[in-house]
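Handing you this structure, nothing more for now.
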Amino acid sequence: MIPRSRGPSPAPSRPTPQQSQTLGEGAMFSPTVPAPPRTSARFMISAFLLSKVYGPVFTLYFGMKPTVVLHGYEAVKEALIDLGEEFSGRGRFPVTERVNKGHGIISSNGKRWKEIRRFSLMTLRNFGMGKRSIEDRVQEEARCLVEELRKTNASPCDPTFILGCAPCNVICSIIFQNRFDYKDQNFLNIMKVFDENFKILSSPWMQICNAFPALLEYFPGSTDKLFKNVAYVRSYILEKVKEHQASLDINNPRDFIDCFLIKMEQEKQNQQSEFTFENLKITVSDLFGAGTETTSTTLRYGLLLLLKHPEVIAKVQEEIDRVIGRHRSPCMQDKSHMPYTDAVVHEIQRYIDLLPTNVPHAVTRDVKFRNYFIPKGTTILISLTSVLHDDREFPNPEVFDPGHFLDESGNFKKSDYFMAFSAGKRVCAGEGLARMELFLFLTTILQKFNLKSVVDPKDIDTTPVANGFASVPPSYQLYFIPV
């Protein structure tokens, strides 16, 4: 990417760096401002350095488009929470705009976004999100996951697809009212597509395409694969929607698709209704993909970090033995009695920094922010890395240490800086479900298995192989040894 900066102009103006630089080039690296040691993305390194020179709010130019960057907890909180409505827009993300066209939850804005999000949250709650009923589903899926892991016979295995199947089945039970067998070929194909697209979206080339959308026309490359993968998932969703239409009972909705179809029927006379077939298809796609890949990537990265730190595994398993035992299934009530395990789950999310710059935001109206004028529609990049890796809140933030979330007495310690799910109006719609899945899946795995790396723990590299849109862990193998 080649963002450009411009000199300051008389207030009111956008906040801008004062010197023109090429982002990521050697001129940006000052010997007096050390770069974060684990962060591999050049953008995050450069944003870190620019914030040291120009403060927590500055403008970068991606092509001809200005983007305001917010760096550090105070600026991020002020924007997302204190001025949540003003900063609740969805910013420019040309690659996803190409496939979503402003529909669904992730890419929409204004009235459409508010209505679709409100409906989705209400429907998810009605189907048990955050309640005992969904906990039962997660527990059942955890048992299925254990059985699948037992089939590895304590042999080396790549956990990518097995760990992806569990959260995918949970969200499928809410959207489609059914789960898949872990060997189902359609299921495995979808999991493969999700994994590929997450990596493509996190590649350096994709960041360049988002900065210069015209490149999509002339150099399709991996974007062509991305669009084909999206089409594959959408065709599967379309089949499911047609099945639901053929068997719909408006008095007995079975799942999310049924509820959306009923809402469409209720509003069919409203020409301005946002409950359209296109919004149904893309909203289901958003929930399907986001509800699968973010949680599965966090689980996969989490196990890699645990392999690197066997002493952490030992402490979690000691807590499991003391609180749960080896025969009863873990439940969410256990979490309040397991501060160390809770701290480990939080530290995994903090450390991996899954979405370093979040999904781009935009201001919904002209805004005066810290004495700067930001025009309506300006894209806002939120540096979640600068919050999750703030050394004032988390000493030695580049070190994986569950102690970041424990007080001196060993009790779990909450932190306002924990924004792994973002914050404000655009906070992750599935946060409650994701928290439940991470705790129950990880504790169930460690209750039933010892984890063993195929290499010496000190030789495990936890550096992400991609760190653009998302932090993607390197591939690895491990042994699941039954206990």
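Look through the range 259-280, keep the residues that are without any contact (Cβ under 8 Å) to a residue 24 or more places away in the chain and under 16 Å from Asn126 (Cβ atoms), and return whichever of them is surrounded by the fewest Cβ atoms within 10 Å (Cβ to Cβ).
Checked the range 259-280; the qualifying residue surrounded by the fewest Cβ atoms within 10 Å (Cβ to Cβ) is Gln266.
Please go through the range 266-325 and give me each residue that is within 24 Å of the chain's Cα centre (by Cα), farther than 30 Å from Gly102 by Cα and of a type in the set (D, E, K, R), ordered by number.
Arg300, Lys308
Same structure, new question: List pairs: first in the range 372-387 and on the phi > 0 side of the Ramachandran plot and modelled with pLDDT of 95 or more, second part of a helix (DSSP H, G or I) and of a type in the set (A, V, I, L, M, F, W, C), Cβ under 7 Å, 6+ apart or cross-chain?
Note: no pairs meet the criteria.
Need the failing condition index for Ala142 against (1) touching a residue at least 40 places away in the same chain (Cβ under 8 Å); (2) in contact with a Ser or Thr (Cβ under 8 Å, 6 or more places away or on another chain); (3) assigned to a loop (DSSP other than H, G, I, E, B), just the number.
Unmet condition: (3).
Considering only residues that are buried (at least 21 other Cβ atoms within 10 Å of the Cβ) and of a type in the set (Gly, Ala, Ser), look in the range 290-326 and name the one that is nearest to Ser453 (Cα to Cα).
That would be Gly302.
Hey, another quick one. Can you tell me which residues in the range 172-186 are crowded, with 20+ Cβ neighbours inside 10 Å and either touching a Ser or Thr at 6+ places or on another chain (Cβ under 6 Å) or over 24 Å from Arg435 (Cβ atoms) (or both)?
Arg179, the sole residue that qualifies.
Now for a different question. Residues to consider are Asp416, Asp401, Asp390; find the one that is touching a Phe, Trp or Tyr at 6+ places or on another chain (Cβ under 7 Å), charged (D, E, K, R) and in contact (Cβ under 8 Å) with a residue 40 or more places away in the chain.
Exactly one of Asp416, Asp401, Asp390 is touching a Phe, Trp or Tyr at 6+ places or on another chain (Cβ under 7 Å), charged (D, E, K, R) and in contact (Cβ under 8 Å) with a residue 40 or more places away in the chain, namely Asp390.
Let me confirm something: among Ala214, Ala166, Ala246, which residue is closer than 19 Å to Arg98 by Cβ and either touching a residue at least 24 places away in the same chain (Cβ under 8 Å) or among the small types (Gly, Ala, Ser) (or both)?
Ala214
Then there's this: Could you tell me whether Gly424 is closer than 21 Å to Glu347 by Cβ and surrounded by fewer than 21 Cβ atoms within 10 Å (Cβ to Cβ)?
No; evaluated as a whole, the condition is false for this residue.
To continue, here is another question. Any idea how many residues of the range 224-258 are crowded, with 18+ Cβ neighbours inside 10 Å and of a type in the set (S, T, N, Q)?
Here the count works out to 1.
Considering only helices (runs of 4 or more DSSP H) fully contained in the range 32-103, which possess at least 3 residues that are at pLDDT below 90 and under 26 Å from Ala466 (Cβ atoms)?
Because the criterion is at least 3 residues that are at pLDDT below 90 and under 26 Å from Ala466 (Cβ atoms), the helices (runs of 4 or more DSSP H) in the range 32-103 that meet it are 42-54, 94-100.
The values are calculated or read from the model by the stated rules, or taken from the named source; none is laboratory data. Quick caveat: nothing in here was measured; it's all calculated off a predicted structure. Heads up, the Cβs are rebuilt from the backbone with ideal geometry, glycines too, and the neighbour counts pull from every protein chain shown.
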